[in-house]
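Following: one structure in structure tokens, then a few remarks.
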Amino acid sequence: MRHRKGTIALLALTAVALAFPALAASDETYRTFLGYDSRISIWIIAELHLMFGAFVLGVPIFAVTIEIIGWKTKDPRYDKLAYEFTQLLSGAFGFTATLGGLLAFALFGLYPKFMDYLAGVFHDVMYIYALLFFVESTTLYLYYYFWHKMAKQKGLHILLGILLNVCGTVIMMVANSWASFMMSPTGIEAETGKFIGTAWQAMNNVLWHPLNLHRLLGNVAFGGFVCGAYAAIRYLGAKTQEERAHYDWMGYIGNFCAVCGLIPLPFAGYYLGREVYSNSAVMGNNMMGGAFSWTFIIQAILIGGLFIGSNYYLWIGMHRIPGSERYTKYIKFIDIIIILCFAVWLTPHNLPLSAEEQIAVGGQYHPTLKYLGLMSGKNAVVNFIILSTFLSFLLYRRANLGPGIPFSRQGGKSRWILLGVAGGLILIMGYYASYLLHLNPTELDLSADKEKYFKLPAILLLIQIAAVVVTVILTLKDRGKIGQMMYLGITIVNITFVLGVYGYIVMAVANPFLRNVAVTQWMTMMSALTLLTTLDVFLFKGAPQVGEMTWGKMPGRSQYTLIFLCVFIVMLIGLMGFIRSGLRENWHIYGVMQDGSAGSWTPDNALMAKVVSACGLIFLSAVSFLFWLTSASAKKDHKSEGEPSLPPKATHPTAGKAARSGG
Amino acid sequence: MQNSFFKAALFAVAVCAIYIYIGEVITDISGGAKTASTVAGISPEAGEAIFWGSGKCHTCHSVGDQGSAIRAPNLGVHGSDFPLPIALRAEERAKELSQKLGKPFTAADYLVTSHFDPGLYVVSGYKNEMPTVYKPPIALKVDQILAVDLYLQSLGGEPNAEALMKSPYFELLKKAAGSQSAATTVAFKPYLQGDPEKGKEIFFDPNSKTPCAKCHTVGDKGGKVGPELTNVAGTRDIPYIIQSILEPSAEIASGFEPFLIVTTDGEFITGVKKEEDDKSVTLADTDGQRQKISKDKIEKMVQQKKSIMPDNFRDLLTMDEFHNLLAFLETLQ
């Protein structure tokens with residue numbers, strides 16, 4: 001109870017800080033943080049707030065999803081897992097609020113002029129933000145504390161969970177509007193720099209939704225990996241086989257949720273980057289070809305590490321699945337593909353070489369490797385990495401499943417769903433193919449003779465459409481697996497090899513069209529993920545299990561992989577925050593209000609790595625403390641409710657019902 | 001449980017340490033911070049610094065094999081598309097524009113309009129997307145644009161400030177750039193008002209934590225290892241000076257690049273090259289000591305990207321001391 005009171009007091013402080021922008025009124029432009037560099041102080045506080053924020057926004061998304069699965073399958077173990085995830089939230093929420101309050105106070109105190117300007121634009125929205133915060137906190141505590149009391153009103157409880165997610169997402173969107181306004185301000189009078197628009201105009205700036213999407217997916221990945229690490233530590237310290245089985249399962253679910261967020265994340269990042277460039281070519285160029293180009297190499301290392309780590313964890317996990325030996329022989333090929341793609345992704349276009357090195361290489365660029373550093377090569381391999389990861393999941397999913405019920409015997413509902421999915425994909429890809437075929441080159445500032453370069457991506461989309469039709473026909477004729485393989489093969493060839501190589505030609509002769517090539521690759525990739533997942537559900541519907549899953553038999557290295565993934569995602573979120581904020585360079589509000597403080601220079605990557613690591617370690621320490629509190633509380637609960645529950649026998653959260661019904 | 005937690009914590013710290021190491025390595029190989037440096041003065045050298053720094057020109061343009069940007073035309077000699085450097089190309093394009101516009105148009109006019117009205121001549125295959133460089137966010141001053149033009153003139157031609165300033169378009173540029181509101185920019189203001197006398201003491205005292213005069217000359221006092229600072233505040237603005245103190249490797253002054261020499265005896269010697277002739281090379285180290293190395297004893301000599309100036313002033317000086325030193329440097333007009 002004391003804990004709750006403390007949290008409410010902190011929330012009140014945050015609300016006061018947000019609701020009284022008059023606090024910012026001052027003649028001073030900048031102050032120091034207790035004599036220390038104000039910019040680094042703000043950096044650390046903001047980063048920690050964002051890390052906790054990402055956690056408390058990401059975890060409820062999959063906690064509610066798991067609760068719904070438990071409700072629908074009537075399996076209490078899912079419900080208990082969802083409750084355990086939610087337990088982690090309650091303490092983290094208090095920390096988020098504390099850091100949010102501290103951040104608001106620090107910003108108003110250290111950057112009074114800037115905050116005066118920002119408050120002048122957003123003061124109406126700040127009241128709404130504070131109100132939403134109260135609604136979210138109330139919803140969270142109702143959701144958490146009434147979990148058991150509302151066991152018989154599960155639908156209502158789930159509704160609370162959904163409301164919690166809606167509030168959290170809206171809060172995130174409001175805060176994102178401030179951050180994105182600083183990058184792409186709107187409603188500004190150019191001559192005076194005065195804001196003459198409305199708060200809504202300021203919120204609805206061009207980078208708002210790209211940032212919303214990127215952060216939403218990022219939060220899911222972040223929450224999943226942090227929960228995975230929690231499960232890993234509990235697994236490593238488990239005393240009984242039951243505990244190990246439970247936390248093994250929890251770690252798997254955490255990793256699964258994280259990868260679900262991670263897979264579409266590069267596309268969301270591409271969308272954000274593209275909008276950054278569209279809004280300001282100067283900012284865009286500085287991002288990819290200027291001060292932050294090498295930071296993106298570090299980003300590539302981190303994202304590559306996350307994909308490799310996630311796959312590695314899955315591959316180790318296959319050893320606990322009887323029947324998986326049928327598929328393990330393919331893993332080495334996936335492994336080679338991912339590592340090769342990762343190497344390409346990491347390759348920079350330009351290396352600062354000494355005269356001697358230039359002579360040895362034969363010029364400023366390596367004759368072959370220079371091509372791998374270009375955007376087209378990177379687009380090709382990132383798609384291949386995602387497809388390979390997806391393939392790992394497919395193999396994992398079907399590892400202990402035998403043949404399912406033939407599609408022709410699955411009834412009309414299955415046919416309608418398959419046709420619906422295929423129809424949707426055909427419509428979307430057909431629309432974009434038509435757009436490309438009718439695209440006027442002048443829209444891209446290209447001469448009329450460049451129109452011929454628009455045809456190939458459109459033709460490839462039409463080939464994909466034909467492949468969808470053939471795959472559906474094969475599935476209807478109970479040859480779905482052949483259809484699956486065919487569609488996956490065509491997708492890989494089209495997006496990696498054909499469009500990957502074609503991208504270089506486009507870059508050389510019609511560079512602005514490259515973004516449309518990237519959209520074609522993304523669309524094709526998403527069609528594969530959607531169609532193949534749908535097919536897989538039907539192909540293994542009612543499939544018997546080859547043997548029982550042996551949860552709790554994972555080697556220690558698998559759990560360290562989960563911890564590694566958690567640390568990497570923490571570092572990644574810190575690095576991305578640095579890039580997003582750093583892109584403004586010496587502007588508080590890009591192009592409108594200049595940063596004249598002593599801290600307006602752009603830190604190098606060495607300093608960035610140190611600050612982000614410090615933030616990461618502080619965050620992980622604080623989270624560990626919260627997890628310790630949670631586990632102490634959980635022990636108390638277990639004493640009254642019994643030992644941890646065993647996980648369900650299914651290999652996959654969404655396959656649980658089907659697998660059991662078939663077995 | 002405790003044991004597993006500590007193992008996990010140790011593992012997390014190790015991963016962070018690797019991350020920091022990667023950050024250091026990347027910073028090292030990429031040549032340090034690529035910050036928006038501001039260089040005062042109107043010269044090709046200043047223009048070059050702006051081109052590769054605060055002007056952000058390099059994010060779109062390469063110069064020959066220097067840089068990797070391909071969004072905008074290469075300004076040096078590069079492949080069959082760019083057989084001439086920009087100074088010579090400017091003359092050809094000026095002729096084209098003169099015919100098109102039906103009035104005289106010089107190479108200097110072409111360079112000036114490329115900043116004032118870049119859409120006047122768009123190179124085939126490229127978009128008309130060059131930002132207005134005197135407007136935010138780049139917000140270059142007229143003098144800085146002039147310096148960049150001088151640098152471009154130096155790429156295949158002779159820098160000629162007079163020709164640029166006589167261009168009728170230069171007046172238009174000045175007028176347009178001058179109309180940019182100062183309301184949107186904030187003048188630099190340090191956190192604290194430093195004491196220049198105390199700063200002078202820090203600078204010259206050989207026993208201070210940062211005895212700058214060991215390497216830098218002010219007036220007739222000080223060493224010659226680093227650049228002379230007698231008029232530093234007259235030629236460099238304060239953010240640049242701050243950056244030079246805190247991140248000395250970010251931009252190394254021309255002529256003060258450090259070199260590493262590996263001798264045939266396996267000895268490693270680092271320092272700024274002060275003299276070189278057919279027979280020997282003389283390096284100066286951070287203590288101002290000069291060492292002459294015979295060329296037949298040099299196995300390898302490599303230019304370094306990291307300045308020999310210590311990069312730990314942030315740790316050595318307190319906030320007050322730093323501002324005192326800065327206040328002293330500000331007096332060196």
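Quick note: the coordinates plus some simple rules give every number you see, no bench work behind them. Every value quoted in this text rests on a predicted model; they were computed, and no experiment measured them. Cβ: placed from backbone, ideal geometry, glycine included. Neighbour counts: every protein chain shown.
Residue by residue along A:590-597, Cβ atoms of other protein chains within 10 Å of the local Cβ number 5 on average.
Global size of the range A:366-448: 20.6, 58 Å for Rg and Dmax (C-alpha atoms, Rg to one decimal, Dmax whole). Across the range A:218-227, rounded Karplus estimates of 3J(HN,Hα) from the backbone phi angles (6.51 cos²θ - 1.76 cosθ + 1.60, θ = phi - 60°) give x, 5, 5, 4, 4, x, x, 5, 5, 5 Hz, Gly and Pro being marked x.
Calculated FRET efficiency, A:SER278 and A:GLU191, Cβ-Cβ r, R0 30 Å, to nearest 0.05? Write out the running numbers ahead of the final one.
Working: r = 24 Å, r/R0 = 0.81.
Once rounded, the FRET efficiency stands at 0.80.
Output the relative contact order of the range B:241-333, whole-number percent, from Cα pairs under 8 angstrom with separation of 6+ residues. Intermediate values should be presented prior to the final figure.
On the way: 130 pairs, mean separation 27.6, N = 93.
It rounds to 30 percent for the range B:241-333.
The B:GLU92 and A:ASP124 beta-carbon pair, evaluated with R₀ = 56 Å, returns a calculated FRET efficiency of approximately 0.45. Evaluated on the range B:258-303, the Kirkwood hydrodynamic radius is 10.3 Å, with distances taken between all distinct Cα atoms. Once the convex hull of all Cα atoms in the protein assembly as shown is built, its volume per residue stands at 190 Å³.
Label the range A:487-536 by shape, choosing from rounded, prolate and oblate, from the square roots a ≥ b ≥ c of the eigenvalues of the Cα gyration tensor; if a/c is under 1.5 it is rounded, and otherwise prolate applies when a/b is larger than b/c, oblate when it is not. All intermediate terms of the calculation are to be shown ahead of the outcome.
On the way: a/c = 6.16, a/b = 2.30, b/c = 2.68.
Oblate shape, in that a/c is at least 1.5 and b/c is the bigger or equal ratio.
Residues whose amide H lies under 5 Å from that of A:ALA238, counting only those 5 or more places away or on a different chain, are absent; hydrogens are built 1.01 Å from N in the peptide plane.
The simple spin-label model puts a point 7 Å past each Cα toward its Cβ; for A:ILE505 and A:LEU34 those points are separated by 6.3 nm.
Across the range B:44-184, the mean sequence separation of Cα contacts (distance under 8 Å, 6 or more residues apart), normalised by length, yields a relative contact order of 28 percent.
Where does the charge balance sit around A:TRP587 when Lys and Arg score +1, Asp and Glu -1, over other residues with C-beta under 14 Å from its C-beta?
Details: positive: A:ARG39, A:LYS113, A:ARG580, A:ARG584, B:LYS56, B:LYS135; negative: A:GLU585, A:ASP595.
Summing Lys/Arg as +1 and Asp/Glu as -1 gives +4.
The calculated Kirkwood hydrodynamic radius for the range B:44-184 is 15.2 Å, given to one decimal from all distinct C-alpha pairs. For A:ALA598, the amide hydrogen comes within under 5 Å of the amide hydrogens of B:TYR191, counting only partners 5 or more places away or on other chains and with H modelled in the peptide plane. Shielding by partners for peptide A:230-243, expressed as the average number of C-beta atoms from other protein chains within 10 Å of each residue's C-beta, is 2.
Close amide H partners of A:MET593, meaning residues 5 or more places away or on another chain with modelled amide H under 5 Å apart, are A:HIS588. Note: relative contact order over the range B:258-303, using C-alpha pairs below 8 Å and six or more positions apart, is 40 percent.
Using equal-weight Cα scatterers in the Debye expression, the normalised intensity of chain B in log10 at q = 0.09, 0.10, 0.11, 0.16 Å⁻¹ is -0.64, -0.77, -0.90, -1.35. Which lysines have a Cα lying under 16 Å from the Cα of B:LYS292, excluding residues fewer than 8 positions away in the same chain? The qualifying lysines are B:LYS224, B:LYS273, B:LYS274, B:LYS279, B:LYS300. Here the Karplus relation 6.51 cos²θ - 1.76 cosθ + 1.60, evaluated at θ = phi - 60°, turns the backbone of the range B:200-214 into coupling constants of 4, 4, 4, 5, 9, 5, x, 9, 6, 5, 10, x, 4, 5, 4 Hz, with x for every Gly and Pro.
Within the same chain, lysines fewer than 8 places from A:LYS455 are excluded, and of the rest, those with a Cα less than 30 Å from its Cα are A:LYS370, A:LYS378, B:LYS127. Annotation: peptides B:126-136, A:63-73, B:142-152, ranked by per-residue average of other Cβ atoms within 10 Å with the highest first, follow the order B:142-152, A:63-73, B:126-136.
Hey, got the dipole for the protein assembly as shown? About the Cα centre, +1 on K and R Cβ, -1 on D and E Cβ, debye to the nearest 20? Let's see the in-between values first.
On the way: 83 positive and 76 negative charges, 1007 e Å.
Here the protein assembly as shown has a charge dipole of around 4840 debye.
Within the straight-line cut-off of under 16 Å between alpha carbons, the lysines reachable from B:LYS174 are B:LYS135, B:LYS141, B:LYS166, sequence neighbours fewer than 8 places apart in one chain being disregarded.
Taken one residue at a time, the phi angles of the range A:147-164 give Karplus couplings (6.51, -1.76, 1.60, θ = phi - 60°) of 4, 6, 5, 9, 4, 8, 10, 4, x, 5, 5, 5, 4, 4, x, 5, 4, 4 Hz. Gly and Pro are set to x.
How large, in Å, is the range B:263-333 by the Kirkwood hydrodynamic radius built from its alpha-carbon pairs?
It works out to 14.8 Å.
Using Cα centres only, tell me the gap between the range A:594-623 and the range B:234-302 in whole Å. That distance is 31 Å. Counts of other chain beta carbons within 10 angstrom of each beta carbon in peptide A:559-566 average 3.
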